[in-house]
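The values are calculated or read from the model by the stated rules, or taken from the named source; none is laboratory data. Being a predicted model, the structure only gives us computed values, none of them experimental. Using ideal geometry, Cβ is built from the backbone for each residue, glycine included, and neighbour counts are taken over all protein chains shown. Accessible surface is based on the protein model in full, side chains and every heavy atom, while ligands, DNA and RNA are left aside. Shrake-Rupley method; radii C 1.70, N 1.55, O 1.52, S 1.80 Å.
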Amino acid sequence: MVTPSSAPAGGAGRPAQRLPGPPGPGQFRPQSGFGPPPTPSRPRLTKAQQVRLTLVSAILVVVGVVLGLVATVVLPHVYAAQTTIRFSLGASSSGDDNADRTLTTQTVLITGRDVLQPVADSTGVPIDYLIKNTTATVVPNSEIITIQVNHPDRSSGIQLTDAIAKRYLEIANDTGNQSQLQAQLDSAQRQLANPATAPDAVGDLQAQVTDLQNQIAAQVTTSNIASIVAPAYSVTAPVFPNTLITLGIGALVGAALAGLVGSRMVRNWTRR
(Lines give C-alpha, C1' and ligand atoms only; values in the text may rest on other atoms or scores of the structure.)
Protein backbone atom coordinates (compact mmCIF):
# COMPACT_ATOMS: atom_id res chain seq x y z
CA MET A 1 0.00 0.00 0.00
CA VAL A 2 1.27 3.37 -0.92
CA THR A 3 1.24 5.96 1.71
CA PRO A 4 0.99 9.70 0.96
CA SER A 5 4.55 10.22 2.14
CA SER A 6 5.92 7.74 -0.38
CA ALA A 7 3.86 8.91 -3.36
CA PRO A 8 5.66 10.71 -6.23
CA ALA A 9 5.81 14.48 -6.00
CA GLY A 10 3.77 14.88 -9.15
CA GLY A 11 1.04 12.64 -8.01
CA ALA A 12 0.08 9.14 -9.09
CA GLY A 13 0.95 8.54 -12.76
CA ARG A 14 2.21 12.10 -13.30
CA PRO A 15 6.02 12.77 -14.11
CA ALA A 16 8.06 14.83 -11.71
CA GLN A 17 8.70 18.47 -12.64
CA ARG A 18 12.19 19.12 -14.17
CA LEU A 19 14.38 21.59 -12.41
CA PRO A 20 16.05 24.30 -14.56
CA GLY A 21 19.69 23.52 -15.51
CA PRO A 22 22.48 25.14 -17.53
CA PRO A 23 21.60 25.99 -21.16
CA GLY A 24 22.72 23.62 -23.85
CA PRO A 25 25.00 24.43 -26.76
CA GLY A 26 23.60 27.19 -28.94
CA GLN A 27 20.81 27.99 -26.49
CA PHE A 28 22.45 30.94 -24.73
CA ARG A 29 21.12 34.28 -25.86
CA PRO A 30 22.69 37.23 -24.06
CA GLN A 31 20.29 39.97 -23.26
CA SER A 32 20.71 43.36 -24.82
CA GLY A 33 23.02 45.69 -22.89
CA PHE A 34 25.56 43.00 -22.02
CA GLY A 35 28.95 42.17 -23.64
CA PRO A 36 32.14 44.23 -24.39
CA PRO A 37 31.58 47.84 -25.42
CA PRO A 38 32.33 48.69 -29.08
CA THR A 39 35.81 50.14 -29.84
CA PRO A 40 35.50 53.85 -30.53
CA SER A 41 36.89 54.91 -33.93
CA ARG A 42 39.75 57.42 -33.89
CA PRO A 43 38.78 60.80 -35.21
CA ARG A 44 40.07 61.68 -38.67
CA LEU A 45 42.39 64.62 -39.26
CA THR A 46 40.77 67.83 -40.28
CA LYS A 47 41.72 69.59 -43.50
CA ALA A 48 43.70 72.19 -41.57
CA GLN A 49 45.63 69.50 -39.68
CA GLN A 50 46.51 67.68 -42.90
CA VAL A 51 47.82 70.91 -44.43
CA ARG A 52 49.84 71.64 -41.31
CA LEU A 53 51.31 68.12 -41.27
CA THR A 54 52.33 68.43 -44.93
CA LEU A 55 53.97 71.81 -44.39
CA VAL A 56 55.95 70.62 -41.37
CA SER A 57 57.19 67.53 -43.24
CA ALA A 58 58.22 69.58 -46.29
CA ILE A 59 60.04 72.13 -44.13
CA LEU A 60 62.02 69.41 -42.33
CA VAL A 61 63.08 67.80 -45.62
CA VAL A 62 64.18 71.19 -46.99
CA VAL A 63 66.12 71.86 -43.80
CA GLY A 64 67.93 68.52 -44.24
CA VAL A 65 68.87 69.40 -47.82
CA VAL A 66 70.13 72.83 -46.73
CA LEU A 67 72.27 71.26 -44.02
CA GLY A 68 73.72 68.88 -46.61
CA LEU A 69 74.56 71.85 -48.84
CA VAL A 70 76.24 73.62 -45.94
CA ALA A 71 78.28 70.47 -45.24
CA THR A 72 79.61 70.48 -48.81
CA VAL A 73 80.94 73.99 -48.24
CA VAL A 74 82.26 73.60 -44.69
CA LEU A 75 83.93 70.17 -44.96
CA PRO A 76 87.57 70.12 -46.18
CA HIS A 77 87.79 69.42 -49.90
CA VAL A 78 89.96 66.80 -51.59
CA TYR A 79 90.75 67.16 -55.31
CA ALA A 80 91.87 64.58 -57.85
CA ALA A 81 94.84 65.14 -60.16
CA GLN A 82 95.10 62.80 -63.16
CA THR A 83 97.40 61.92 -66.01
CA THR A 84 97.12 59.28 -68.72
CA ILE A 85 99.85 56.94 -69.93
CA ARG A 86 99.93 54.73 -72.99
CA PHE A 87 101.62 51.38 -72.52
CA SER A 88 102.38 49.87 -75.92
CA LEU A 89 101.55 46.18 -76.03
CA GLY A 90 103.34 45.61 -79.34
CA ALA A 91 102.03 42.53 -81.13
CA SER A 92 99.55 41.80 -78.34
CA SER A 93 96.15 43.36 -78.77
CA SER A 94 94.18 44.95 -75.93
CA GLY A 95 91.52 42.64 -74.55
CA ASP A 96 93.74 39.56 -74.81
CA ASP A 97 94.39 37.68 -71.57
CA ASN A 98 98.15 38.24 -71.76
CA ALA A 99 97.63 41.91 -72.55
CA ASP A 100 95.26 42.31 -69.60
CA ARG A 101 97.75 40.69 -67.26
CA THR A 102 100.51 42.96 -68.56
CA LEU A 103 98.46 46.11 -68.04
CA THR A 104 97.35 44.98 -64.59
CA THR A 105 101.00 44.40 -63.69
CA GLN A 106 101.77 47.98 -64.73
CA THR A 107 99.06 49.36 -62.43
CA VAL A 108 100.54 47.40 -59.52
CA LEU A 109 103.98 48.77 -60.41
CA ILE A 110 102.71 52.36 -60.51
CA THR A 111 101.15 52.14 -57.04
CA GLY A 112 104.09 50.21 -55.57
CA ARG A 113 107.04 51.43 -53.56
CA ASP A 114 109.49 51.16 -56.47
CA VAL A 115 107.71 54.11 -58.08
CA LEU A 116 106.30 55.96 -55.08
CA GLN A 117 109.26 55.83 -52.70
CA PRO A 118 111.58 58.06 -54.82
CA VAL A 119 108.69 60.51 -55.29
CA ALA A 120 108.08 60.58 -51.53
CA ASP A 121 111.77 61.18 -50.87
CA SER A 122 112.00 64.04 -53.38
CA THR A 123 108.76 65.79 -52.39
CA GLY A 124 108.71 65.17 -48.65
CA VAL A 125 105.26 63.58 -48.79
CA PRO A 126 104.95 60.49 -46.54
CA ILE A 127 105.07 57.25 -48.48
CA ASP A 128 102.00 55.94 -46.63
CA TYR A 129 100.00 58.94 -47.84
CA LEU A 130 101.02 58.31 -51.46
CA ILE A 131 100.18 54.62 -51.25
CA LYS A 132 96.74 55.41 -49.81
CA ASN A 133 95.87 58.22 -52.24
CA THR A 134 97.37 56.98 -55.51
CA THR A 135 95.40 54.79 -57.90
CA ALA A 136 96.07 53.44 -61.37
CA THR A 137 93.27 52.07 -63.55
CA VAL A 138 93.21 50.63 -67.05
CA VAL A 139 90.73 52.04 -69.56
CA PRO A 140 88.79 48.99 -70.85
CA ASN A 141 89.85 47.62 -74.26
CA SER A 142 92.77 50.04 -74.61
CA GLU A 143 96.43 50.58 -73.81
CA ILE A 144 95.67 53.62 -71.65
CA ILE A 145 96.40 53.74 -67.92
CA THR A 146 95.00 56.57 -65.79
CA ILE A 147 97.00 57.66 -62.76
CA GLN A 148 95.13 59.61 -60.07
CA VAL A 149 96.39 61.26 -56.89
CA ASN A 150 93.99 62.74 -54.31
CA HIS A 151 95.26 65.80 -52.45
CA PRO A 152 93.69 68.78 -50.63
CA ASP A 153 95.77 71.20 -52.74
CA ARG A 154 95.26 71.21 -56.51
CA SER A 155 98.78 72.37 -57.38
CA SER A 156 100.47 69.83 -55.10
CA GLY A 157 98.31 67.06 -56.51
CA ILE A 158 99.36 67.93 -60.08
CA GLN A 159 103.05 67.95 -59.11
CA LEU A 160 102.78 64.58 -57.39
CA THR A 161 100.94 63.02 -60.32
CA ASP A 162 103.52 64.31 -62.79
CA ALA A 163 106.41 63.04 -60.64
CA ILE A 164 104.83 59.59 -60.31
CA ALA A 165 104.24 59.33 -64.06
CA LYS A 166 107.82 60.32 -64.91
CA ARG A 167 109.27 57.91 -62.35
CA TYR A 168 107.16 55.12 -63.81
CA LEU A 169 108.41 55.89 -67.33
CA GLU A 170 112.00 55.58 -66.14
CA ILE A 171 111.30 52.07 -64.86
CA ALA A 172 109.03 50.94 -67.70
CA ASN A 173 111.32 52.16 -70.47
CA ASP A 174 114.54 51.15 -68.67
CA THR A 175 116.40 54.29 -69.73
CA GLY A 176 119.42 53.64 -67.52
CA ASN A 177 121.24 51.37 -70.05
CA GLN A 178 120.40 53.78 -72.87
CA SER A 179 122.07 56.62 -70.98
CA GLN A 180 125.24 54.56 -70.63
CA LEU A 181 125.28 53.78 -74.33
CA GLN A 182 124.75 57.45 -75.16
CA ALA A 183 127.66 58.43 -72.92
CA GLN A 184 129.92 55.91 -74.67
CA LEU A 185 128.80 57.22 -78.07
CA ASP A 186 129.55 60.81 -77.09
CA SER A 187 133.03 59.82 -75.89
CA ALA A 188 133.83 57.96 -79.14
CA GLN A 189 132.63 60.86 -81.26
CA ARG A 190 134.79 63.32 -79.30
CA GLN A 191 137.83 61.12 -79.88
CA LEU A 192 137.10 61.02 -83.61
CA ALA A 193 136.83 64.82 -83.69
CA ASN A 194 140.12 65.23 -81.83
CA PRO A 195 142.99 65.90 -84.27
CA ALA A 196 145.42 64.24 -81.87
CA THR A 197 143.75 60.86 -82.34
CA ALA A 198 146.13 58.34 -83.93
CA PRO A 199 145.20 57.37 -87.50
CA ASP A 200 145.34 53.68 -86.58
CA ALA A 201 142.55 54.20 -83.98
CA VAL A 202 140.19 56.08 -86.30
CA GLY A 203 138.89 52.92 -87.95
CA ASP A 204 138.17 51.25 -84.63
CA LEU A 205 136.45 54.39 -83.32
CA GLN A 206 134.26 54.66 -86.41
CA ALA A 207 133.23 51.02 -86.04
CA GLN A 208 132.49 51.62 -82.35
CA VAL A 209 130.37 54.70 -83.14
CA THR A 210 128.35 52.76 -85.73
CA ASP A 211 127.77 49.87 -83.33
CA LEU A 212 126.68 52.18 -80.48
CA GLN A 213 124.30 54.07 -82.76
CA ASN A 214 122.70 50.79 -83.85
CA GLN A 215 122.28 49.64 -80.24
CA ILE A 216 120.67 52.92 -79.19
CA ALA A 217 118.30 52.87 -82.18
CA ALA A 218 117.28 49.27 -81.45
CA GLN A 219 116.73 50.03 -77.79
CA VAL A 220 114.58 53.06 -78.57
CA THR A 221 112.43 50.91 -80.85
CA THR A 222 111.98 48.04 -78.40
CA SER A 223 112.09 49.65 -74.97
CA ASN A 224 110.21 52.91 -75.37
CA ILE A 225 106.89 51.19 -74.59
CA ALA A 226 105.38 53.73 -72.17
CA SER A 227 104.66 57.38 -72.84
CA ILE A 228 102.58 60.19 -71.37
CA VAL A 229 99.46 60.86 -73.41
CA ALA A 230 98.01 63.76 -71.37
CA PRO A 231 99.96 65.90 -68.89
CA ALA A 232 98.81 66.00 -65.29
CA TYR A 233 95.75 68.15 -64.63
CA SER A 234 93.30 68.75 -61.78
CA VAL A 235 89.71 67.50 -62.00
CA THR A 236 87.23 70.35 -61.50
CA ALA A 237 84.79 68.65 -59.11
CA PRO A 238 86.22 67.56 -55.74
CA VAL A 239 86.23 63.86 -54.90
CA PHE A 240 85.22 64.74 -51.32
CA PRO A 241 82.70 65.81 -50.29
CA ASN A 242 80.47 64.55 -53.09
CA THR A 243 77.70 67.14 -53.51
CA LEU A 244 74.97 64.73 -54.67
CA ILE A 245 75.69 62.19 -51.94
CA THR A 246 75.78 64.86 -49.23
CA LEU A 247 72.50 66.40 -50.39
CA GLY A 248 70.91 62.93 -50.55
CA ILE A 249 71.99 62.14 -46.99
CA GLY A 250 70.59 65.48 -45.82
CA ALA A 251 67.26 64.78 -47.53
CA LEU A 252 67.04 61.31 -45.96
CA VAL A 253 67.77 62.69 -42.49
CA GLY A 254 65.11 65.37 -43.00
CA ALA A 255 62.57 62.79 -44.19
CA ALA A 256 63.25 60.55 -41.17
CA LEU A 257 62.85 63.49 -38.81
CA ALA A 258 59.64 64.49 -40.60
CA GLY A 259 58.27 60.99 -40.08
CA LEU A 260 58.96 61.08 -36.34
CA VAL A 261 57.54 64.57 -35.85
CA GLY A 262 54.51 63.82 -38.04
CA SER A 263 53.61 60.64 -36.15
CA ARG A 264 53.84 62.52 -32.85
CA MET A 265 51.58 65.27 -34.15
CA VAL A 266 49.00 62.76 -35.40
CA ARG A 267 48.91 60.98 -32.03
CA ASN A 268 48.36 64.25 -30.18
CA TRP A 269 45.55 65.29 -32.49
CA THR A 270 43.69 61.96 -32.41
CA ARG A 271 44.07 61.27 -28.70
CA ARG A 272 40.73 61.24 -26.81
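Results, tabulated for the structure shown:
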item: Checklist (1) open to solvent by less than 80 Å² (accessible area, probe 1.4 Å); (2) in a helix (DSSP H, G or I); (3) over 30 Å from residue 157 (Cα atoms) applied to residue 45, failing item; result: (2)
item: Unique residue being among the acidic types (Asp, Glu) and either modelled with pLDDT of 85 or more or within 30 Å of residue 73 (Cα to Cα) (or both) when the list is 211, 204, 174, 162; result: 162
item: Filtered residue count, the stretch 140-164, keeping only those that are in contact with a strand residue (DSSP E or B) (Cβ under 7 Å, 6 or more places away or on another chain), outside any strand (DSSP E or B) and under 16 Å from residue 80 (Cβ atoms); result: 8
item: Failed item, numbered, when residue 65 is tested on (1) of a type in the set (A, V, I, L, M, F, W, C); (2) open to solvent by less than 60 Å² (accessible area, probe 1.4 Å); (3) touching a Phe, Trp or Tyr at 6+ places or on another chain (Cβ under 9 Å); result: (3)
item: Members of the stretch 234-246 found to be crowded, with 16+ Cβ neighbours inside 10 Å and out of contact with any helix residue (DSSP H, G or I) (no Cβ under 7 Å at 6 or more places or on another chain), listed by number; result: 238
